[in-house]
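Presented below is the structure to which this report refers.
The values are calculated or read from the model by the stated rules, or taken from the named source; none is laboratory data. Note that the coordinates shown come from a computational prediction; the quantities given were computed from them, not determined experimentally. Glycine gets a Cβ as well: all are built from the backbone with ideal geometry, and neighbour counts include every protein chain shown.
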Amino acid sequence: MQDRYLMVALAAALALVGCKPQATVVEISETRELTTEDTPPRLKATSAERFQGSRAAGPAGYRYETPEGWTPQPASMLRSLNFAIGPEGEGEVYLSRTRGDVGSNVNRWRKQFGMEPLSPGELAKLPRTVGLGGELALVDAAGTYAPGMGRPPQEGFALVGVIGQSPDEVVTVKMVGPEAVVQAERERFLQFVRSLQPAE
Amino acid sequence: MESSVANRNKPLAAKVVEFLSGYALACILMLLLLVLTWLGTLEQVDRGLFVTVKKYFSYETFFLFPEIKGKLVPLPLPSAFWVGAVFFVNLALGTILRVRKGWKTIGVLIAHGGMLFLLLGAFVTQVFSERGNMAITEGEVSNVAQHYFDHVIEVTEIADGKPAKVHVIATRHLEDLQPDDERLFKMANLPFDLAVSGYRVNARPVSVSQGARGPAEEVIDGFFLQAREPEVEAERNMPGAVVEVRAKDGTPGERFLLSTASFHPATLEIDGKLYALNLRKALWKMPFTVALDNFTHEFHPGTMRPKRFESEIRRIQDGREEPVLIKMNDPMRRQGFTFFQASWGPQNAAPGDTLFSVFEVVRNPADKWPEWSLYVTGVGLLVHFLMKLVLFITNQPKRRVRAS
């Protein structure tokens, strides 16, 4: 019986210790040393420049129509255009400019879904669509998506993407997410690709 | 009956010590650790590793309610940290008070010592270890890692367009803020204070022309913070907050949206002096600089399974350079820091492109303690079982004589 009282007393003491009031005013004197990260910042940037990056100054060099329900996301080094799609933003669409050729990028995407690479003959037979002022290879994939970079594989995913080549670079537009989301957005994605034009 | 009476007459302190060193308590605690580990493993599938480890194993949590498949289980359980702490006391008292001392029990005593060391190592890891990552592009240098989960607000004094001094509102002052809370930070060495409100663990700054806004979301300069569900992989969360600059007398000034998703800091000008305001992952300065000379990677044929990742680096300190090769499962350990080869990028790099390498940086004073404690416990058990075996063999003739 004594043991039970002890247990109760111990639990009550721990519970009391666990209740700490929230501070509303805090004195701050902490500083940190400068590091290699502390490069001269871009000062007096507008909110659009701060939150949209290069898109703020004429969306990444492209004109396009944003489909209904797509939420623009900040661009990044690897994503000139970036959108969240789906009811919870669980899918994504992004435009990247990269090197290589159409075939290597098609097979890189296929590899992310554990699919065998296509031969040059098979690559030539890929369906085509138009956008970015030219003809683009259309890629479909579904299954377990392994994006790499330490991110875990995700089952039940799908990809619809287009890849085009100019003399200087390869441009890819990739939609990836849960299969239901990707299928629901497929038409809007193709419409978006058709609306994409290089800015004058 | 007599022992029951004797027990009742014992002083309270003796009863407490007896209870704390008892086998019954040890069994309960081990069972609790088993149940907590099992429930935590189930819960991390839905809630993510970081959140679950914090909930189940942090010293900041005393009691918790498990969730299975998103449903709350109305069963309060103590956190594993405190169960482990009580278990340490139980094991230490049990070893001191209850285990017989003598050469015959030396193995048991060593094994108990090993287990105590293991629990101590877990405590030191939980309280004192730090983790972060350092990303470096080939040909560049870095002397800083960033924490995976800790976010801070920084106010940087600017002189001649460059950062001169950085004031930090640390994670511990922000992490308990709810969207409805407001907290005033009195900046001791700056001519203004900051009031932080609307703090969200995961949010994106969205233009009012491009996103649907809720009634509680404040618009500043055409943007608002669109809240999102916390990510299962907590390191992908991007917090955001509204910051109001206040004069020392409390007069409100400019308001800014801060977000870790922003490309540039907000700029504040007071009395002709510029300050940059930033919400970012906490930075962690290293005692040395790392230069990445070359990164190479190789995958198993036809898969994305890494076969070989290697970073050729130079560790630079006090003008001296030391070349080091960091490989998968072969980290660099220097001055209490461990650099693991974690990942690389860009993922869509073509042959010949400049790559960046990402190192997981860990500082854990108890880094090797689990390994050492296993050796100690193993030696203890080996000694104990060998002694039992020797005693059994040497006592065989006596037993035979007794039997005959």
(message) So if I check each of B:F263, B:F295, which one is touching a residue at least 40 places away in the same chain (Cβ under 8 Å), among the aromatic types (F, W, Y) and closer than 28 Å to A:A75 by Cα?
(response) B:F295
(message) Step by step: first the residues of the range A:86-107, then only those that are touching a strand residue (DSSP E or B) at 6+ places or on another chain (Cβ under 7 Å) and assigned to a loop (DSSP other than H, G, I, E, B), then the one that is nearest to B:A227 (Cα to Cα). Which residue is that?
(response) A:G89
(message) part of a helix (DSSP H, G or I), of a type outside the set (S, T, Y) and farther than 29 Å from A:R63 by Cβ: is that true of A:R110 in this structure?
(response) yes
(request) Could you tell me whether any residue of the range A:115-129 is within 17 Å of the chain's Cα centre (by Cα) and outside any helix (DSSP H, G or I)? (result) no
(message) Against the definition (buried (at least 19 other Cβ atoms within 10 Å of the Cβ) and within 14 Å of chain A (Cβ to nearest Cβ)), how does B:V83 come out, yes or no?
(response) yes
(message) Out of everything in the range B:297-310 that is modelled with pLDDT of 70 or more and more than 29 Å from the chain's Cα centre (by Cα), what residue ends up being surrounded by the fewest Cβ atoms within 10 Å (Cβ to Cβ)?
(response) B:P301
(request) Considering only the range B:1-111, give the helices (runs of 4 or more DSSP H) lying wholly within it that have at least 1 residues that are at pLDDT 90 or above. (result) B:12-20, B:23-47, B:49-57, B:80-93
(request) Can you tell me which residue among B:G139, B:G132, B:G121 is assigned to a loop (DSSP other than H, G, I, E, B) and closer than 26 Å to B:Q341 by Cα? (result) B:G139
(request) Out of A:P117, A:P153, report the one residue that is under 30 Å from B:M328 (Cα atoms) and touching a Ser or Thr at 6+ places or on another chain (Cβ under 8 Å). (result) A:P153
(request) From (1) closer than 17 Å to A:G89 by Cα; (2) in a strand (DSSP E or B); (3) free of Cβ contacts under 8 Å to residues at least 24 places away in the same chain; (4) more than 7 Å from every other protein chain (Cβ to nearest Cβ), pick out the condition that doesn't hold for B:L225. (result) (3)
(request) Might you let me know whether the range B:229-240 holds any residue that is under 25 Å from B:L274 (Cα atoms), in contact (Cβ under 8 Å) with a residue 24 or more places away in the chain and of a type outside the set (S, T, Y)? (result) yes
